[in-house]
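Written out below as structure tokens is the structure these notes cover.
Throughout, read-outs are computed from the coordinates displayed, never taken from laboratory work. The shown structure was predicted, so the numbers you read here are calculated from the model rather than taken from an experiment. All Cβ positions, even for glycine, are placed from backbone atoms using ideal geometry, and neighbour counts span all protein chains on display.
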Amino acid sequence: MAASRLFDLDLPMLVASSDLFTFSPWPWAGVAVLGLVAGVLGGMLGVGGSVVMIPGLVVLLGRATGAEQHLYQASAMIANVAVSVPAALRHRRAGAIDPGVLRWMLPAAAGCVVVGVTLSNLPVFRGADGGVWLGRVLAVFLVYVVIVNVLKLRPRGTRVEPSVGHVEAKRAT
């Protein structure tokens, strides 16, 4: 087993052996558990499951240089679509969709997808080291997500005022 990954495998998860393909269930089981963990944490914490899924795929399946990082991020985006479509349909049936918001949100989301894919295909993100740079951009975004979520933990309507000897939290007026 390689030190950088939990499963010693090459993609795809089928291995040629004596002119026959053999199937190993362990990588698939690991990815299934990762999907479950990403979904539960994404739902509980209010962050996208990709925040858990992409780093998890790197840990499970190995290196994220070159095409692997693009593959991991694309896999997470496909999972997002698979989750969001049924959720959107349930919200529609429950009458919990604001058509005014939807009118600007869908085109904005589609535009951002095109911009994101275009940016991820820039020369700096191509080649053997391209996945490393793409991973670094993702890492910066993950740090931002952590900061935003930690700031959400702070009670609203309070401010910290220094006093002699200690710090007290007082209600904002």
Could you rank the peptides 103-112, 118-127, 70-79 by their average count of other C-beta atoms within 10 Å per residue, with the highest value first?
70-79, 118-127, 103-112
Shape category assigned to segment 71-135 from the gyration tensor of Cα positions, a/c cut at 1.5:
oblate
